[in-house]
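Below you'll find the structure, written out as structure tokens, and then a few comments.
Quick note: the coordinates plus some simple rules give every number you see, no bench work behind them. Just so you know, these numbers come straight off a predicted model, no measurement behind them. Backbone-built Cβ (ideal geometry, glycine too); neighbour counts: all protein chains shown.
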Amino acid sequence: MVGKIKIKKEFISYIIRDYLNGIGITPLSKKYNVSSWTISSCLTKSNIPLRSASEQGSINLKNIRYKNSFILKIKEDYLSGLGITELSTKYHMNKNYVKTLLIKGNVKIRNAYEQIRFGIPLDSIAEKYLSGYSFFQLSRNYPLSIPSLKKIVSKFNIPHRSFSEQRDMIFPKKPKIPKPKIILICKICKKKFEPYRSPNQKYCSDKCRKKATNNRRINNRDIINFNRKKNYYKNRKIILEQQRRYYMKPKVNKRRIEYSKNYAKKNKKKISIRNKKYRNRPEIQEKNRIYFVNYLNNHRDERNTYTRKYRKVKMKTDKNFRLKRRLRCRFNHALKDFIKIGKIMSSKEYGIDYETIIRHLEPFPKDIENWHVDHIRPLCSFNFVNKDGTPNLKEIRKAFAPENHQWLLVKDNLNKGGKWNAKKSN
């Protein structure tokens, strides 16, 4: 025999002879057990022109036209049950040429479904379906699909069974035995009832069950809290990781932010009262004091540099801030100069309001650098100290009242100094 890839020199001459006599490439490949590609390569090497499919078909028809006996054989084989593919392999012909021969012989060509069904007794399929076979089991026994089997069964006027009917035929239901009635007494309302969940049911309804759970929680509150804390401290890392993963989700985070904003808008008073109560606790006040002292001691240089930079920028940009700072510094220096004790209380306790002074001095001059805030009655004319050595609040309030302030040029203020005529002022 010849291999499928290589061909001996002896067979090349036979292949050329058969091809020139009219045999096609596909029957030659089946005859010599060689692929069609190897036969076409051999013919091209020997300088023989290859025929097209139409030319090969016309040659085959010429060879078969006057052989009616050959056509009758193909008819008999087709009517016996063989298909077109089987005939093409048997007679070394193409499928289309087999179809043309059958059409010339006045033979109806079968579909794929008719070819599969050919030779299968349809009565046996109907009998097996009535006996209890399902369509799935019939498809395993016969080479037919489930919809085709349904068509065959419907031709015999047999109604199709549902899934539940098919199940009951295979697995018939057992007759139900009536259960004996059980009557129980509820532990809370002490009414008689029939159990609908289990024969060991304790409560007649969900209301009684909820009451029992609430009573159990109230009676065993200490034990429940102890077990809850014990479980939390045992699995603290796992619980915190689960919470963190849950709250890191974008949907949950947005929902929390919206809820917190709406709650803060609606309940401002509640939140302020709650925060005040929390801050006024002695434990928390002591805790905050210790925290701030430690923070100031550890971050003193950082805070000083930050405040210097902030004041420089604010003094250049904000006029109100610059004026308020000047007034505050002047008030502190005045108390240090005229009182031995110096400043003890806040400016509000002394009765000074810087914002009212700033409003009194408005509008500001354009060149503020060339102007000073002057006290109409100089500070040296007031008695800031009583005979007892305590600060005189009335005199301090008069000296730093908004009516005692005015804008003056730098030269005029320096020339004025501590001069003041009480007669003119009165």
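Potential lengthening of the chain between residue 268 and residue 387 amounts to 37.9 nm, from the contour at 0.36 nm per residue minus the alpha-carbon distance. State log₁₀ I(q)/I(0) for region 72-213 at q = 0.14, 0.16, 0.18 Å⁻¹ as given by the Debye formula over alpha-carbon point scatterers of equal weight, solvent excluded. These q points yield log10 I(q)/I(0) values of -0.83, -0.91, -1.00.
Each label was represented as a point 7 Å from its Cα along the Cα-to-Cβ direction; for residue 328 and residue 304 these points are 1.9 nm apart. Computed from the Cβ-Cβ distance with R0 of 51 Å, the FRET efficiency linking residue 376 to residue 291 stands at 0.65. The modelled label-to-label distance between residue 17 and residue 234, using points 7 Å beyond Cα along the C-beta direction, is 9.7 nm. Semi-axis lengths, largest first, of the ellipsoid equivalent to the chain are 113, 50, 22 Å, with √(5λ) applied to each eigenvalue of the Cα gyration tensor. Entry note, the chain: the mean residue ellipticity at 222 nm calculated from DSSP H runs of n ≥ 4, each adding -39500 (n - 2.57), is -19000 deg cm²/dmol after division by the residues and rounding to the nearest 500. On the basis of the beta-carbon distance and an R0 of 22 Å, residue 30 and residue 80 show a calculated FRET efficiency of 0.45. Of 154, 243, 417, which is farthest on the positive side of the dipole of the chain, counting Cα position, with +1 on Lys and Arg Cβ, -1 on Asp and Glu Cβ, and the Cα centre as origin? Sorting the options by dipole projection puts first 417. Entry note: region 307-425 has Rg to Rh equal to 0.97, where both radii use alpha-carbon atoms and Rh is the Kirkwood radius. Counted over all Cα-Cα pairs of region 129-236, pairs farther apart than 17 Å make up 74 percent. Peptides 123-134, 371-382, 248-259, 339-350 ranked from most to least packed, by the mean per-residue count of other Cβ atoms within 10 Å: 371-382, 123-134, 339-350, 248-259. Spin-label model, residue 319 to residue 198: label points 7 Å out along the Cα-to-beta-carbon direction sit 8.4 nm apart. Full extension of the chain between residue 220 and residue 361 gives 43.7 nm of extra length, using 0.36 nm per residue less the Cα-Cα distance. Sorting 186, 204, 329 by the number of Cβ atoms found within 10 Å of their own Cβ, with the fewest placed first, yields 329, 186, 204.
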